[in-house]
1. Tally time: how many residues in segment 113-127 are in a loop (DSSP other than H, G, I, E, B) and of a type in the set (S, T, N, Q)?
2. Read through the list (1) among the polar types (S, T, N, Q); (2) open to solvent by 60 Å² or more (accessible area, probe 1.4 Å); (3) in contact (Cβ under 8 Å) with a residue 60 or more places away in the chain, then give the number of the only condition that residue 73 fails.
3. Does residue 140 qualify as being outside any strand (DSSP E or B) and within 20 Å of the chain's Cα centre (by Cα)?
4. Kindly evaluate residue 158 against the criterion of being at pLDDT below 95, of a type in the set (Val, Ile, Thr) and surrounded by fewer than 18 Cβ atoms within 10 Å (Cβ to Cβ).
5. Regarding residue 119, is this residue polar (S, T, N, Q), out of contact with any Phe, Trp or Tyr (no Cβ under 9 Å at 6 or more places or on another chain), surrounded by 17 or more Cβ atoms within 10 Å (Cβ to Cβ) and at negative phi?
6. Report yes if some residue within segment 187-198 is at pLDDT 95 or above, of a type in the set (Gly, Ala, Ser) and open to solvent by less than 50 Å² (accessible area, probe 1.4 Å); otherwise report no.
7. Out of 67, 51, report the one residue that is assigned to a loop (DSSP other than H, G, I, E, B), touching a helix residue (DSSP H, G or I) at 6+ places or on another chain (Cβ under 9 Å), open to solvent by less than 60 Å² (accessible area, probe 1.4 Å) and among the aliphatic types (A, V, I, L, M).
Amino acid sequence: NSGDEVIKYRVYVNDLNVKNEDYEKIFEPLPGITSPVTWFSVPEGERTLAAGAQEKLDYSITVPFNAAPRGYSAVIFAETAEPEIDTTGIARLKRVGSLVYLTVNGDTTQKGELLSFDTAMWQKHLPIVPSIRIQNAGTTHFEVDGEVRLKNVFGKEVDKASVTGTLLPQTIRNFKPELSPERSVGLYKVEGEVKFLDQTESLKSGWILVAPPLWIALVLAVIAR
């Protein structure tokens with residue numbers, strides 16, 4: 001509790017799934033996917049935490065003997081209790097979560113693929129946002145770690161961004177790192193690599209022109225004279 005007042009809170013578990021390639025998190029079960037929520041045992045009831053205090057909570061996970069070999073995911077939430085208000089108004093609840101990724105060993109499959117690396121050749125404004133699409137075609141989750149770099153026409157690195165995250169089974173994730181060089185107009189080269197499942201995939205380099213439409217129009221007007 002980093003505040004200066006006593007808080008009341010509770011702990012509970014939700015499913016952790018995603019929708020679309022932007023990986024929008026949804027905390028509910030999906031059809032056809034076994035929910036691991038009942039496997040968790042967490043402290044029950046409302047708890048109290050003094051201002052500036054910390055509390056360590058233990059939890060356990062009991063996996064059923066007939067659980068299918070594959071990856072599962074959940075989130076453990078700690079959420080403040082609904083405050084008591086004397087007048088009509090909006091009560092705001094706060095919560096923090098800890099993501100849990102489980103793998104039930106057995107006949108599992110690990111398979112990943114870099115589907116595409118795209119960046120528009122003409123960027124009207126900053127930041128430059130490449131699109132890196134990676135597919136998890138296996139039955140367990142895996143981690144992605146990588147980097148994209150931006151260089152000017154002289155080969156000097158002017159910015160870089162990390163590419164990190166977890167891919168859930170049977171999903172595609174679109175990573176969108178942001179690159180913002182100091183100069184808002186210029187010609188740049190983007191390159192990089194991503195690593196997952198003990199393999200390294202190079203991101204095919206390409207040139208990018210960053211310039212607003214008005215700037216392009218002025219250049220064309222000068223050339224036309």
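1. First pass over segment 113-127, keeping only residues in a loop (DSSP other than H, G, I, E, B): 119-121, 124-127.
Next, from what is left, pick out any that are of a type in the set (S, T, N, Q): 119.
The number of residues fulfilling the criteria is 1.
2. (2)
3. yes
4. Numbers: at pLDDT below 95: no; of a type in the set (Val, Ile, Thr): yes; surrounded by fewer than 18 Cβ atoms within 10 Å (Cβ to Cβ): yes.
Criteria not met by residue 158.
5. yes
6. Yes - at least one qualifying residue is present in segment 187-198.
7. 67
Conditions tested, residue by residue: (1) among the acidic types (Asp, Glu); (2) out of contact with any strand residue (DSSP E or B) (no Cβ under 8 Å at 6 or more places or on another chain); (3) in a loop (DSSP other than H, G, I, E, B); (4) at pLDDT 95 or above.
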| position | (1), (2), (3), (4) |
| --- | --- |
| 11 | no, no, no, yes |
| 14 | no, no, no, yes |
| 32 | no, yes, yes, no |
| 55 | yes, no, yes, no |
| 84 | yes, yes, yes, no |
| 89 | no, yes, yes, no |
| 108 | no, no, yes, yes |
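The values are calculated or read from the model by the stated rules, or taken from the named source; none is laboratory data. If you're wondering where the values come from, they're calculated on a predicted model, not measured in any experiment. Quick reminder, even Gly has a Cβ in these numbers, built from the backbone with ideal geometry, and neighbours come from all protein chains shown. Only protein heavy atoms, including side chains, enter the accessible area calculation; ligands, DNA and RNA are left aside. Shrake-Rupley method; radii C 1.70, N 1.55, O 1.52, S 1.80 Å.
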